[in-house]
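The values are calculated or read from the model by the stated rules, or taken from the named source; none is laboratory data. Here the structure is a predicted model, which is why all the values come from computation and not from measurement. Every residue, glycine as well, gets a Cβ built from its backbone with ideal geometry; the counts of neighbours run over all protein chains shown.
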């Protein structure tokens, strides 16, 4: 009986030797990094605790650490080929940190830490090791709150969408609704789809959990991506369900369903429903696209024995020490530089806004200044403000003036564009153009001219951002100048100036602006007394 000849299936794989850092080197590197980013990390932790939209940030670094621990055996087999490209990336990360710290841009500060981590991995372990850690590293970006300037452009469309869905659905259940922007007037109560009900909180949390869920329970990469993207419409649908159900409970049960602890608890319940929807989607896709397990080997697979052969010369200790020393020195020098420039923000003297003149030319203030609710002030970042009506008694014309001043924007509070607020109050945008304003003895500057309507009533809105004797129309240019002025002048103060005037029937935008111009021209020379140049 002839014997079966078994071929030699063993293979040889050449790998480079490991490069290890001494425990004291790792400890010291972590200490100096923590020293450099201490203020950045503490502010981030405070925002996780206080900002409901980003409370999921706590689980992001924990899960990244878990992934690394779970893959520890596979990572241990990866050869370490240290690369000086890592030092270049670390330098870029520290430059980003300096710009963010001096320019009071929190997002730059926080993302610089993530890039610094990438640079350290490449510097000490090499690109191959970084590729193996790409997923847990990239996941860290989810712990960084979205910049306010972008967040405002996300929350408002979500609010309007939830309001539209509720306004279209509630009448099917016998609840008549009058929708004015994100305000819904029900027979018994008025519901305001505020920022907390926009769905951004559930969107961020559900998206993060969808990625975690896909990683833990699904091996197919395409399905992991699908679950992550599916979390967006599921979160939107869940939030719409929350608004609709709240309207039903307010109408048929109790008005208290729209506020307080019950409202928060109901929001949590709806979020659980969204999680179940995500799970149901995963199960459904699994039933439709069941994959048959296929094996590239025969029914009796033959194991391939891999012989690992270590080749190449180990990196000498001197290179390891040089890399560690340069990386640590870079971090220490940047930390010392930032500490040397951290001598407090300049807060120039000025008049308080409440002292803004009651009489401007022919225009006289009417009644008491209006008060913004605490919830709205929280969204706006608690600026100092005036919200005042002026009337020209000769022409019986009325204009609302709003000036908001932020003496510091270091903690992320920035001017809130009226284009995100006015439509939410039921004012439909009709026209949005840029105009040039003239100021005696001053260079002309651009402003936004916004025409809004509620029914047949139209209004003209004129607004711009003002800081340090400079007016700009774009909120992005305003952000650029904020970073520039913070670095150059160590100041982050700024303001928003807005005029709101009802238009006459059939009146053109140019004619309305001409009627408004005397009040605008009278206001401009006074701005620098209350918003210092």
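Some values worked out for this structure:
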| read-out | value |
| --- | --- |
| Verdict on residue 191 being within 13 Å of residue 247 (Cα to Cα), part of a helix (DSSP H, G or I) and assigned by TED's automatic domain parsing to the domain that holds residue 277 | no |
| Top-ranked residue of the stretch 143-152 - restricted to ones that are surrounded by fewer than 20 Cβ atoms within 10 Å (Cβ to Cβ) and modelled with pLDDT of 90 or more, ranked as farthest from residue 80 (Cα to Cα) | 145 |
| Flag if residue 498 is farther than 26 Å from residue 101 by Cα, assigned to a helix (DSSP H, G or I), touching a strand residue (DSSP E or B) at 6+ places or on another chain (Cβ under 8 Å) and assigned by TED's automatic domain parsing to the domain that holds residue 432 | no |
| Test for residue 493: is it crowded, with 20+ Cβ neighbours inside 10 Å and under 27 Å from residue 342 (Cα atoms) | yes |
| Considering residues of the stretch 437-448 that are closer than 25 Å to residue 398 by Cβ and more than 27 Å from the chain's Cα centre (by Cα) only, the residue surrounded by the most Cβ atoms within 10 Å (Cβ to Cβ) | 437 |
| Residues within the stretch 229-267 that are more than 18 Å from residue 166 (Cα to Cα), surrounded by fewer than 19 Cβ atoms within 10 Å (Cβ to Cβ) and at pLDDT 80 or above, tallied | 2 |
| Residue, nearest to the chain's Cα centre (by Cα), within the stretch 449-458, restricted to residues that are within 21 Å of residue 184 (Cα to Cα) and at pLDDT 80 or above | 452 |
| Inter-residue pairs, beta-carbon under 8 Å, first at negative phi and in the stretch 512-533, second modelled with pLDDT of 90 or more and assigned to a helix (DSSP H, G or I), 6+ apart | 530/353; 530/355 |
| Subset tally (residues that are in contact with a helix residue (DSSP H, G or I) (Cβ under 9 Å, 6 or more places away or on another chain) and surrounded by fewer than 14 Cβ atoms within 10 Å (Cβ to Cβ)) for the stretch 358-375 | 2 |
